[in-house]
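Enquirer: Quick one: the structure is below, questions incoming.
Each reported figure results from applying straightforward, stated rules to the coordinates on display, with no laboratory input. Everything quoted here is computed from the prediction, not taken from an experiment. Cβ placement follows ideal geometry from the backbone for every residue including glycine, while neighbour counts extend to all protein chains displayed.
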Amino acid sequence: MTTHDPLLHARALVLSDLGAQGLIDAHTVSVVEDCVAQRRWWLSQWQQGAAFVNGLVAQDVQDALFDESRRWPLCVGCADPLEHSLSIEPELGPDPHWVCSASGAKVAALGGLRPLMTSD
Ligand SMILES: [Zn+2]
């Protein structure tokens, strides 16, 4: 492998964080594929955008799921009983990470969400 495909990396990071919250299924994978395909076109128009695609793909997937009334990723670190999500910061920049939308606390790097505890 001599070529590095930034979108394959973005795809892997987003799938990892979907998986951490138990959201990998045929539908969400196809949502990710659609977002990656759109960003591939975008990147072909603006190659300097390669540094930003990880965070952008994550936000695209988040928006697509939100349109289906699915919140991802959920914040599990707060005592706040109201369900709230994490968001990507910076929105357009290198080294994107998830921050709690309520407290602003940095939770994890993109691709670094820990699996949810499963309770029974
Ligand atoms: Zn929170």
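Enquirer: Do the conditions hold for S30, that is, is it free of Cβ contacts under 8 Å to residues at least 12 places away in the same chain, away from the ligand (no atom under 16 Å from the Cβ), more than 13 Å from the chain's Cα centre (by Cα) and not in a helix (DSSP H, G or I)?
Expert: no
Enquirer: If you go through segment 52-68 one residue at a time, do you hit one that is more than 11 Å from the chain's Cα centre (by Cα) and closer than 20 Å to A105 by Cβ?
Expert: No.
Enquirer: May I pose another question? Name the residue that is nearest to the ligand (Cβ to nearest atom), counting only residues in segment 42-91 that are assigned to a helix (DSSP H, G or I) and β-branched (V, I, T).
Expert: Filtering segment 42-91 for residues that are assigned to a helix (DSSP H, G or I) and β-branched (V, I, T), the one nearest to the ligand (Cβ to nearest atom) comes out as V61.
Enquirer: Being touching a helix residue (DSSP H, G or I) at 6+ places or on another chain (Cβ under 7 Å), in contact (Cβ under 8 Å) with a residue 24 or more places away in the chain, surrounded by 11 or more Cβ atoms within 10 Å (Cβ to Cβ) and more than 22 Å from S30 (Cα to Cα) narrows it down to one residue among G93, G111, G77, G49; which is it?
Expert: Going through G93, G111, G77, G49 in turn, just one is touching a helix residue (DSSP H, G or I) at 6+ places or on another chain (Cβ under 7 Å), in contact (Cβ under 8 Å) with a residue 24 or more places away in the chain, surrounded by 11 or more Cβ atoms within 10 Å (Cβ to Cβ) and more than 22 Å from S30 (Cα to Cα): G93.
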